[in-house]
Structures are given as structure tokens and as C-alpha cells.
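The values are calculated or read from the model by the stated rules, or taken from the named source; none is laboratory data. For clarity, every value in this text was computed on a predicted model and none was experimentally measured. Glycine gets a Cβ as well: all are built from the backbone with ideal geometry, and neighbour counts include every protein chain shown. Quick note on the areas: whole protein, heavy atoms, side chains included, nothing else; ligands and nucleic acids left out. Shrake-Rupley method; radii C 1.70, N 1.55, O 1.52, S 1.80 Å.
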Amino acid sequence: MTSSAFHTPVRFENKIALVTGGARGMGLAAARRLVSEGAHVVITGRDGARLDAAVEELGGSGRVHAIRGDVSRVAEADALAAGIRERFGRLDVVFANAGVASFGPFSEVSEAEFDRVVGINLKGVYFTVQRVLPLLADGGAVVINASWTAHRGLPTGSLYAATKAAVLSLTRTLAADLAPRGIRVNSVSPGYIDTDMYRAAVSSAEGAAVVARVAAGRVGTAEDVADVVAFLASGEASYVNGQDVVVDGGLVAAQVEGGLSGD
Ligand SMILES: NC(=O)c1ccc[n+]([C@@H]2O[C@H](COP(=O)([O-])OP(=O)(O)OC[C@H]3O[C@@H](n4cnc5c(N)ncnc54)[C@H](OP(=O)(O)O)[C@@H]3O)[C@@H](O)[C@H]2O)c1
């Protein structure tokens, strides 16, 4: 019998959480986890039908609320903050998760693609946190979704990885900036995680080659990441601040294919 059989943690009772991009993938898994531990969760995204489906899926609790919006538009971040203020009056947890993938040769990245990806992955995180900050309670927690690609060079990753490296820097800066209010800011850097984004980027034929690079011997699940997000957002991580947790099954740190034995 495992210890979890004796102890079911309920770490978010009476907490209000925001999860951007919460209708699928890691955002949905994090929302599910937070709700299961007592939180009210506001999920966002651009696709209204997908948001409705997520509310329906998690909705038995009546504790999931959707607000449609595009994180790359600051006016929509303001509308999101206004909606949360009206409904709850405050926030305790922010998971700035919404993001898009973009992979291609450095020489072919267009100005329009640069602006689109920076607009969502950096500007979107930056202004979401800025605009909801007045609602965030002292002692609250922010978790930002970065990526393993910010830790290791990957051909074709120049644009995407740069946006993720930028939010790692933002994590550390905001940890210092918001310290006077007791707000902790940390990030997660997922590896290959089986979501719509992964399935669009990696064909099933390429899947085996991906898995061969991962010490864990498998692709990660959205729940693998949600577990760490929930930890960082909880009081259990009260002495963890300005940190990035790489959730990648060993992809960045442990070489498991093509390595030489010895030195
Ligand atoms: N999957 C991986 O292997 C992997 C690895 C490392 C890091 N990540 C990062 O993890 C995060 C979550 O990705 P995922 O894998 O869960 O992907 P996903 O299933 O494609 O989900 C992405 C989410 O972001 C939302 N989103 C995208 N653009 C948005 C915008 N402009 N405004 C509001 N919401 C927007 C999407 O909602 P709508 O489409 O409805 O707007 C969706 O809910 C991303 O930041 C991604 O970069 C993913």
C-alpha cells in the first residue's frame, strides 16, 4: 500500500486559480488537478467550443469557469482580469500556460511568425501576469510554462526556444519583484509531453526516435506536468522561489542514446 492510500492532499480548498490555455493539454490536466484538490478554477483559451467541453468535463463540481480570450491581446487580459474580479474578487494561483509551438529553419522564420509566437508565448505570459496581479493575493503563487528547449539547443527551435528562455528570465525577475508581497514565481520546463501540440509536431513514425532519447523510456503525460505545477502552486513549495523544474523524464540531463562509454 502506498502512502497516498493514507493521505489524499487537499491543498487548494477555498483557493481561486487561473489557468490560461486550460481547455486541453497540460492546462486542462492542471485545472483538473486543482479542482480535485478544492480550487475554483478559471480556464481561458480562444476556442469557445473547446472551453465549453472542458467546463462540461470538469463541471460536475461547478467549480470550473471559462473566460474566452487571446493572451496575445492586452485588452483581452484586461477583460479576463475584470471577469475574475467580478466573479471572485481575487486570485491565489496563476498558471500561465497558454502557448504555441513553432519549429523551422532559422533562415526561414518570417517577421509575421516571429511576432505571432513572441506575441503568445512571451507577451501573452507577461501581460497576463501583469494584468491579473492586482487580484493576486499576498502569499499567492505564479507558475509559468516554459520548455526543455530553453535548456538545450535543438535544430529548428530558434524562435520557440527563445520565447521560452525569455519566460525563464521573467520567472526569476518576478520572483524578486513580487517578493515583498510574498508571491512566489516558479516555472516548469516540460519535455516531450503527449498533447495536441506534441502530436502536431511529432508523427507517430517519429515517436519511437523521440522515446529513445528519454531516460524514462516514454513520452510524458499532461498529468506528469500537472503534478509538478500543483506542487509549485501549493504551500508545500513555500520555500521554492524563482526556480524552474524540468519535467522531461531525463531528456535534458541524461543522455541515453548514441553515448560513448567512459570518457
Ligand atoms: N507538449 C509539449 O511537448 C510541450 C513541451 C514543452 C512545453 N510545452 C508548453 O506547454 C504549454 C501547454 O502546451 P500543450 O502541450 O498543453 O499544448 P496544447 O494542447 O496545444 O494546448 C495549448 C493551449 O494554449 C492555448 N492557447 C494557444 N494560443 C493561445 C492564445 N493566443 N490565447 C489563449 N490561449 C491560447 C490553447 O487554447 P486555444 O487553442 O483554444 O486558444 C490551448 O489550450 C505551452 O506553453 C507549450 O509551449 C509543451
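Scanning the stretch 93-109 for residues that are of a type outside the set (Phe, Trp, Tyr), closer than 16 Å to residue 20 by Cα and within 11 Å of the ligand (Cβ to nearest atom) yields 96, 97, 98, 99, 100, 101.
Taking the stretch 38-73 as the range and being of a type in the set (Ser, Thr, Tyr) and more than 14 Å from the ligand (Cβ to nearest atom) as the test, only 61 passes. For the stretch 179-202, a residue qualifies if it is open to solvent by 50 Å² or more (accessible area, probe 1.4 Å) and out of contact with any strand residue (DSSP E or B) (no Cβ under 8 Å at 6 or more places or on another chain), and the qualifying residues are 179, 180, 196, 197, 199, 200, 201. So, of the residues in the stretch 74-92 that are open to solvent by less than 30 Å² (accessible area, probe 1.4 Å) and away from the ligand (no atom under 11 Å from the Cβ), which turns out to be farthest from the chain's Cα centre (by Cα)? The residue in question is 83. Being within 14 Å of the ligand (Cβ to nearest atom), within 30 Å of residue 134 (Cα to Cα) and crowded, with 19+ Cβ neighbours inside 10 Å holds for only one residue in 230, 226, and it is 226.
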